[in-house]
Amino acid sequence: MALWECSACGSIREARCQPKKCQECGERETFIKKPGEAETASAKKAAGKAGK
Ligand SMILES: [Zn+2]
């Protein structure tokens with residue numbers, strides 16, 4: 001699952017595919033993909049190894 005942020009109102013949604021319409025503000029195709037948990041976890045691992 002990926003996180004999507006509406007560039008119009010800033011609301012966060014979790015979905016596999018890019019949401020077509022924001023239910024918060026009603027704008028369409030405003031969602032920008034944010035780094036998912038998996039990507040964040042791998043980034044943290046890499047950072048941890050580098051830190052030590
Ligand atoms: Zn919105």
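Taking amide H positions as modeled 1.01 Å from N, with prolines and chain starts lacking one, the residues under 5 Å from residue 31 and 5 or more places away or on another chain are 7. Taking amide H as placed 1.01 Å from N in the peptide plane, residue 2 has its amide H under 5 Å from the amide H of 15, 16, each at least 5 places away in sequence or on another chain. 3J(HN,Hα) along segment 26-33: x, 6, 10, 6, 9, 7, 10, 6 Hz, from the Karplus curve 6.51 cos²θ - 1.76 cosθ + 1.60 with θ = phi - 60°, whole Hz, x for Gly and Pro.
Quick note: the coordinates plus some simple rules give every number you see, no bench work behind them. These numbers come from a predicted model, not from an experiment.
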